[in-house]
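In what follows, a single structure is set out as C-alpha cells and then discussed.
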2 protein chains.
Amino acid sequence: MTPVSDVPVRYQLIRKDTLSGARLGRVTTPNGAFDTPAFMPVGTQGTIKGLLPDHVAATGSQCILANTYHLMLRPGEKTVAALGDLHRFMAWPGPILTDSGGFQVFSLADINKVTDEMVVFKSHIDGAMVELTPKRSIHVQNDLGADIIMAFDECPPGDAPWEVQRRAVDRTLRWAEKCKVAHQRPTEQGLFGIVQGGVNEDLRGECAQKLIEMDFPGYAVGGLAVGEGFDAMKKVLGFVTPMLPENKPRYLMGVGFPRDIVTAVLTGIDMFDCTIPTRNGRNAYAFTAAGAIRIRNSRFTKDTGPIEEGCDCYACRTFTRGAIRHYFFAGEMLGPMLVSLHNIRFYQRLMADLRQSLADGTFTRFVENDPRCRLGPAAPAEDV
Amino acid sequence: MTPVSDVPVRYQLIRKDTLSGARLGRVTTPNGAFDTPAFMPVGTQGTIKGLLPDHVAATGSQCILANTYHLMLRPGEKTVAALGDLHRFMAWPGPILTDSGGFQVFSLADINKVTDEMVVFKSHIDGAMVELTPKRSIHVQNDLGADIIMAFDECPPGDAPWEVQRRAVDRTLRWAEKCKVAHQRPTEQGLFGIVQGGVNEDLRGECAQKLIEMDFPGYAVGGLAVGEGFDAMKKVLGFVTPMLPENKPRYLMGVGFPRDIVTAVLTGIDMFDCTIPTRNGRNAYAFTAAGAIRIRNSRFTKDTGPIEEGCDCYACRTFTRGAIRHYFFAGEMLGPMLVSLHNIRFYQRLMADLRQSLADGTFTRFVENDPRCRLGPAAPAEDV
C-alpha cells in the first residue's frame, strides 16, 4: 500500500446518518478541499459553458470537472501542459477532476475498433484515427494535471447483456491495473478506480472487490444513468456503495437530476457530476423547488419575479423572468448564461442543505420533506 | 427655457485643455453621474453581448446604451415598462442612454417609405409593417425609461449629395421640434438634439444653430462614421463641436476606434458609444496598446501571457492567450466573453487616462505620445 502521507486525495468522514448510508465528509486534494456530498459542474472543453470562473465560484462550487476526451483532441494535452496545467488553463485554482475519456469514447465517438488493449476511434474534429489505451489516458491526465484522475474503463450501454458486461468488467479490471502502473504523478494526482458491471450484482460485486484490492485513493461507480432506469440504478447503488471502503471518497459518475443525487447520497455516495444544470440551462430550462420551468413560456413575458423566488444567485438577484425570456428569444448569450448560473446555484444550494441536514442529524426528514429532493426528469408543469 | 432645477441631465465643466477644445467634465442624470470624456458600451437588445452587468461595471463603464429600434420590435417597449423600465430590465442601476431608432431604421431596416411625417419599414422579426414617427420614437423611449433619450433624426449615408443632406436637415429640425413636444417625461429624461448635415459646413452650422435655439439639455453630432472617412469627420467636428453650448454635454454617435475618439475629444466631444469593442471581441480581435491582435492566430497556441501585458481586466488577470484561443476554436462562449470584456476595459482605461491627463494639464502630450491614441481600423499586424 502507498504510505498514507503520500496519498494526494484523502477523505475525512465527519458524520454518518443513523438511518441511511448517507455521510457528511470532506475531500482534501493538493489544490484545496471540498465538502461532501459534493456536486461538480462540468467544464467539458475546459470551461463551464457560459460562466466566468468567478461566477462558478459564487455558486458555491468547490471542485469542477473537465473531459479528457475533448481536451486531448483539442487543444491537446501538451498544449494545456505548456499553458501551465488545467488549473491555469481554466483559471480554476481549486480542485479539478478529469474523467478518463472512456465514457465519451464509448458513447460519443465513431469507434473503429475495441480490443483488450485499446479503443480506436475517429476524431470528431479532423477525422484522424486516434488510439486510446489505459496508459495513454493516464498520461494525458498526467499532462492535464487535475487533482483527481480516473481509470480508463469500458462503459457498455445500460441494456447490454450479461456477456457484454462480463467482458467490460474484465477489461475494466485489467485496464485499472495498467492505469495504476502508468500513473506518473501518484503523489500529486489521486487516481480513482471505476466499478462497472451494469445491473448485475455478481459483476458489480466482483469488480468492486478486485478494485478495492488494488487500493485506489477513491472509487467511482460508472455505467449508471446510461439507460438502465431509476429503479435499477437505485438497486445497484444500494448494493455497491456499501461495499466501497468507508475511508475513501465515492463518486457516482454523470448523475443526475436532484432525485437521483439524493437517492445516491442515501446509499453513501459523496461526489457527483452532471451536465444537466448547464445543458438544460442553455435551453431555458430552469430548476425551482416547485418544479422546473421553461423560461421561454409566454406566461413569463411580463413576469417581474426572479427565476426562483428566494434564490440568492446572481441571476435571481438581478434579472426578471421577463427579461431573461427576452434574451432567449433575441438569441443573446445572456439568457443561457443566467439560467446556467441559476441552475448550478440551485444544485449547490441543495447540496449545502443536504450537508447541513447531515450535520444536524435531520437528513432523513429533510429528504422526505424537501420538494427539491423529488425533482426528476419529468417535463416542466407547463409542458404537460 | 426649462427652469434649470427641472433639467434632468446636467453638465459640469471641470477643466478645459489650454491647447485644444478638449474638456474634462461630469454628466449628472437621475440615476447617477458619469465622468467625461466617457465611452458607453452598447447593449443593442438590452444586454452588452456576453457580459453580466457586474463585469460591465468592473470595466469602469458608468453609462451604457441600448437601442430603441431593437427593443421596440422585441420585446416591445410596453413589455420593458411592465418589467420595471430599462434599468431593471438590463440590471443596470446607473445611467442609460437610448438612441431614437433613426440610425437603425435608415441603415438596417427594409424601408418601405419615408415621408416628412414618418418612416415605414418592415420588422426584421416578423415582417410586419412598422411606422416610426418622431412622436412614436419619443413615446417608446419614455416607456423604456433611459436617463438620456435622443431626438428622431434622418441620417443619410456619408456620400449622399448636398440636396439629400439638405432635406435630412430640414426633417431633422422639424422632427426635433416634434420630439420636444411629444416628450412626456421632460423632468426625468434628458432629450438630446442631433446635428445632421453630412460633410457640409453650411448645413451643419444651420442645423446646430437652430437646435441650440430649441434649448435641448445636450447635443449629439450624428451622421458621422457613416462612410465619409476619417479626415472628413475630423473636419466636420472641428467646425461643429465648438458651436455647441459649453454648458451642455456633447455626444458623438457611433464612434469609433480609439484614434477617432481621441480626435473628437480634441474638438470638445464628451460622450461616445460604439459596438467595436464587443463586436470585434466576439470575432477574437483584441485591442492592445501595441496594436490589435487576432487571438485565433496560431502563434498564440502556447502563449502563456495575458491578452495584453499590464491590463487589469478580469480576462487578463485570469486567462492565458493560449486558453482563450482554444475557447474560440472550440466554439465556447468563453472566448467572445473574455475578449469583449478586455476590449471594453481597454477603452475604459484609455478614457480614464484621457481624463487624468486633462486633470493634470498634460492632455496634448498624452495624445501625442500614447500609442493607443493612434489605433484606427488598420488590420492587426499579423494579418498584413
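Straight-line reach from B:K302: taking Cα to Cα under 17 Å and skipping same-chain neighbours fewer than 8 places apart, the lysines in range are A:K78. Sorting A:37-45, A:328-336 by average packing, meaning the other beta carbons within 10 Å per residue, from highest down gives A:37-45, A:328-336. Rounded to the nearest 20 debye, the dipole size of chain B about its Cα centre is 680 debye, using +1 on the Cβ of Lys and Arg and -1 on the Cβ of Asp and Glu. Listed by chain and number, the aspartates and glutamates placed with their C-alpha closer than 13 angstrom to that of B:K180 are B:D153, B:E213, B:D215; residues fewer than eight positions away on the same chain are left out.
Against the compact-protein benchmark of 2.2 N^0.38 Å, the Cα-based radius of gyration of the range B:164-242 scales to 1.11. In order along the range A:283-291, the phi-based Karplus estimate (6.51 cos²θ - 1.76 cosθ + 1.60, θ = phi - 60°) of 3J(HN,Hα) comes to 9, 6, 9, 10, 7, 9, 4, 8, x Hz; Gly and Pro are listed as x. Mind checking how much accessible area B and A bury in total, 1.4 Å probe, in Å² rounded to 100? Looking at B and A, the buried total is near 3700 Å². Here is what passes the span test in chain A: the DSSP H helices with alpha carbon length of 27 Å or more along the helix axis and a Kyte-Doolittle mean of 0.0 or above are A:334-360. Distances between equivalent label points of A:Q12 across the copies, with each point positioned 7 Å along Cα→Cβ, amount to 5.3 nm, shortest listed first.
Counted over the range B:10-274, the DSSP beta bridges are approximately 45% antiparallel. Remark: mean inter-chain Cβ contacts per residue of B:77-84 equal 4, using a 10 Å Cβ-Cβ cutoff to other protein chain atoms.
Measuring from each Cβ of chain B to the axis carrying B onto A, the nearest residue and its distance in whole Å come out as B:M333, 3.
Close amide-amide hydrogen proximity is noted between B:A38 and B:M271, B:F272, each under 5 Å apart and 5 or more residues distant or on a separate chain (H modeled in the peptide plane; Pro and chain starts excluded). Phi angles across the range A:45-57 convert, under the Karplus curve 6.51 cos²θ - 1.76 cosθ + 1.60 with θ = phi - 60°, into 3J(HN,Hα) values of 9, x, 7, 6, 3, x, 10, 7, x, 5, 6, 4, 4 Hz, Gly and Pro given as x.
Taken over the Cα atoms of the range A:171-306, the convex hull encloses 148 Å³ per residue.
Each Cα pair under 8 Å and six or more residues apart adds its sequence gap; the mean of these over the residue count of chain A is a relative contact order of 17 percent.
Take B:V181, push a point 7 Å out from Cα through the beta-carbon direction, and compare it with the same point in every other copy: 9.2 nm, smallest first. For the range B:1-97, the solvent-accessible area works out to 34 Å² per residue, with a probe of 1.4 Å and every protein chain left in place.
Reducing the range B:305-384 and the range B:33-72 to their Cα centroids gives an inter-centroid distance of 17 Å. Peptide B:39-50 has a mean shielding of 3, counted as Cβ atoms of other protein chains within 10 Å of each residue's Cβ. Between A:G218 and A:G193, the built amide H atoms are under 5 Å apart, and every one of these is 5 or more places off in sequence or on another chain. Across the identical copies, the label point of A:D126 (7 Å from Cα in the Cβ direction) is separated from its matches by 4.8 nm, in order from shortest. As a ratio to 2.2 N^0.38 Å, the alpha-carbon radius of gyration for chain B is 0.96.
Peptide B:53-65 has a mean of 1 when you count, residue by residue, the C-beta atoms of other protein chains within 10 Å of its C-beta. For the protein assembly as shown, the equivalent ellipsoid derived from the Cα gyration tensor has semi-axes of 57, 28, 22 Å, listed largest first.
The values are calculated or read from the model by the stated rules, or taken from the named source; none is laboratory data. Since this is a predicted model, take the numbers as computed values, not measurements. Ideal geometry is used to build each Cβ from the backbone, glycine not excepted, and the neighbour counts take in all protein chains shown. Heads up: the accessible areas ignore ligands, DNA and RNA and are worked out on the full protein's heavy atoms, side chains in. Shrake-Rupley method; radii C 1.70, N 1.55, O 1.52, S 1.80 Å.
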